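Read-outs: derived from the displayed coordinates by stated rules, not from any lab. Worth saying up front: this structure is predicted, and the values here are computed from it rather than measured. Glycine gets a Cβ as well: all are built from the backbone with ideal geometry, and neighbour counts include every protein chain shown.
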Amino acid sequence: ALQFKDAQEVFDLIDRQFSISNDVLVELTKTFLDEFKAGLSTYNQPMAMIPSFVTAVPDGTETGTFLALDLGGTNLRVCEVVLNGDKTFSLVQQKYKVSDKLKSGEATALFDYLADSVDAFLTTHATTEYASPTGEPVPAQGDVHLGLTFSFPVEQTALGSGKILTWTKGFSAKNAIGNDVVKLLQGAFDRKRMNVKCVALVNDTVGALLSRAYTAGGCIAGAIFGTGTNGAYIEQVSSIPKLAGSPAAAKGGEMIINTEWGAFNNSRTHLPTTPYDNAIDRLSINPKFQAFEKFISGMYLGELTRNVLVALIDATPKPLLFSGKSTAILNKHYGLDTSFMSATEEAWISDNSSDTAIYTHPPLGGEFKKEDLNPRVVAKLDQIRRVIVEHLGFQEDEVSLKDAAITRWICSLVARRAALLSGVAVATVLIQTERASLKGVHAPKRDANIKLGVGVDGSLVEHYPNFRTILRESLRTLVGEDVESRVEIGLAKDGSGVGAALCALMALKSA
Ligand code: ADP
């Protein structure tokens, strides 16, 4: 428990615990580069650096109609994607829930559910290109081609096959690891006599890169900041020693690498770990794995925040938050969703005024008199109070303005650290591909003076206020202002669906 003499000590301690200096960011980037190189050199490294076997990047002229199935986080998604060949696409999709029982049960049950979902989608949503007037798929029209976006570590052996290495993000289905995920899915389609052929397997980060390249006419990296975090980038095949002797190596050129950067520093020798991070890891379903992800992604930020809030509630000799009261939501493991954090920060920045230093903490340890506060600040804190009441299950009169200020401040600390660390990952890609040097001390060897496209996807980067701004702040520190200013971070909307469609097209072309 947090013990203190002077309350301000506690707030200063938390502030120090969650702050990262520029020097630490630089050191982390060096380690990140080392882990990139280790993963490119040999198999079975924590940072898996998985070759995707995608060797071409779309330019927006691709055409065709495909099904895409996306498994990788909170929802399962089935969509039909029409690539129009002019950088535009149309997409119809349906989300299906994946129950905890399916996540941790037998793999065959999970894959049968995936096939059932595709079947349901085909009968209710797909266009006439696939379905007869009765809604039934028509075998005479031949196979429906599907690209699978599977956002877990897979050792890919071709565009259309790959072995599951581990589960992440709350999945633990039995008898899946070590098996070919495409075979598992195709087996389920075949058992149900569906005329759907899974022709391509793609990671969501690779999908984000591909779809951004399609809509923007080019892109160098893809990144996900959603339930989990991961990134992909285009690497020279000659810089992937572990492919030596393979047909891919003989062919040369470029290949997209799925980094699996969520596993950065699993040894946790460098990540600035707090006791709250230790608790997250210890009580997670995958202790000592996905170390970086646990500092960054949507699945964990809410839980980290909850841990800090509860520590303040339980502080001795007197509580420092909510007068020592807690709620069922706050007491529950993973009870606080990351979207709560977004909501408090949205309230704080709602009127666009810059009169409150957003990421420095007010003197939270001392007296907190409404009369001393700017009325605009009071209005914002009142709004945050309402967010707290609504999301955490307190009564109106149980949340003070000071409670609101403290809660919002904790959220911003936890999220700011996540965004700064996210910048480390993006900087590493820029340095690895010689588009930047560490701290920007040398001129880039490659792509000087041109825009550098990064396609991103995930609720965190899409919705969290200032996430991208802080990520860029970190990038500026790590690669200098010139390169940072040329990085174009754009949403890869529907990236997994469009990416899977593009990948299915590539697989058909190369078959
Ligand atoms: P997935 O990564 O599973 O495909 P998302 O990109 O929607 O799906 O990410 C879901 C994660 O994002 C969850 O962990 C959730 O807590 C978090 N999240 C959802 N809404 C928001 C929001 N408004 N702000 C920040 N995080 C959010």
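For a quick check of your reading of the filter: which trypsin sites (Lys or Arg not before Pro) in segment 184-216 sit in a DSSP loop and have no more than 15 other Cβ atoms within 10 Å?
LYS192, ARG193
Give the long-range amide H neighbours of VAL154: residues separated by 5 or more places, or on another chain, with amide H under 5 Å away, using H modelled in the peptide plane at 1.01 Å from N.
Close amide H contacts, sequence-distant or interchain: LEU165.
Considering only lysines 8 or more places apart in sequence, or on different chains, count the pairs in segment 368-495 whose C-alpha atoms sit under 27 Å apart.
Numbers: LYS369/LYS380; LYS369/LYS402; LYS370/LYS380; LYS370/LYS402; LYS380/LYS402; LYS439/LYS451; LYS451/LYS493.
Value for segment 368-495: 7.
Calculate the dipole size of the chain relative to its Cα centre from +1 charges on Lys and Arg beta carbons and -1 charges on Asp and Glu beta carbons; express the result in debye to the nearest 20. Intermediate results must be reported in sequence, preceding the final value.
Numbers: 50 positive and 57 negative charges, 156 e Å.
Using Cβ point charges on Lys, Arg, Asp and Glu, the chain gives about 740 debye.
Identify the residues of segment 81-102 with backbone N under 20 Å of a label point that sits 7 angstrom from the Cα of HIS333 along the Cα-to-Cβ direction, or state none.
99-102
To the nearest 10 degrees, how steeply does helix 22-41 sit against the main Cα axis of the chain, on a 0 to 90 scale?
Taking the Cα atoms of the chain, the angle to 22-41 is about 20 degrees.
Can you give the FRET efficiency to the nearest 0.05 for SER323 and ALA250, using r as the Cβ-Cβ distance and R₀ = 60 Å?
Using R0 = 60 Å, I get an efficiency of 0.30.
Which value results for Rg/Rh of the chain when Rg is the Cα radius of gyration and Rh the Kirkwood radius based on the inverse mean 1/r? Intermediate values should be presented prior to the final figure.
Working: Rg = 23.8 Å, Rh = 24.0 Å.
Rg divided by Rh gives 0.99.
Based on the Kirkwood radius over alpha-carbon pairs, what value in µm²/s does the Stokes-Einstein equation return for the translational diffusion coefficient of segment 158-199 at 10 °C and 1.306 mPa s?
141
Which of the lysines could a cross-linker span from LYS294 if the Cα-Cα distance has to be under 21 Å and same-chain partners fewer than 8 positions apart are dropped?
Partners within reach: LYS30, LYS103, LYS169, LYS332.
Hey, what number do you get for the chain at 222 nm if only DSSP H runs of n ≥ 4 count, each worth -39500 (n - 2.57), divided across all residues, to the nearest 500?
For the chain, the value works out to -13000 deg cm²/dmol.
Report, in listed order, any pair from LYS183/LYS251; LYS174/LYS288; LYS163/LYS242 with a Cα-Cα distance greater than 23 Å. Before the final figure, lay out the partial values.
On the way: LYS183/LYS251 27 Å; LYS174/LYS288 20 Å; LYS163/LYS242 17 Å.
Among LYS183/LYS251; LYS174/LYS288; LYS163/LYS242, the Cα-Cα distance tops 23 Å for LYS183/LYS251.
Explain nothing, just compute: Karplus ³J(HN,Hα) = 6.51 cos²θ - 1.76 cosθ + 1.60, θ = phi - 60°, for every residue of segment 46-58 in order, whole Hz, x for Gly and Pro.
My calculation for segment 46-58 gives x, 8, 6, 6, 7, x, 8, 6, 8, 10, 10, 10, x Hz in order.
Once Lys and Arg get +1 and Asp and Glu get -1 on their Cβ, which of GLN432, LEU69, PRO58 lies farthest toward the positive end of the dipole of the chain?
Farthest along the dipole direction, towards plus: GLN432.
Would you kindly derive the ³J(HN,Hα) couplings of segment 186-198 from the backbone phi angles with the Karplus curve 6.51 cos²θ - 1.76 cosθ + 1.60 (θ = phi - 60°), listing them in order in whole Hz, with x for Gly and Pro?
4, x, 5, 4, 5, 4, 8, 6, 8, 8, 10, 10, 7
Given the chain, what percent of its DSSP beta bridges are antiparallel, to the nearest 5?
Expressed as a percentage, antiparallel bridges in the chain total about 60.
Under the 0.36 nm per residue contour assumption, what length would be gained going from the current alpha-carbon distance of LEU91 and SER510 to full extension?
148.4 nm
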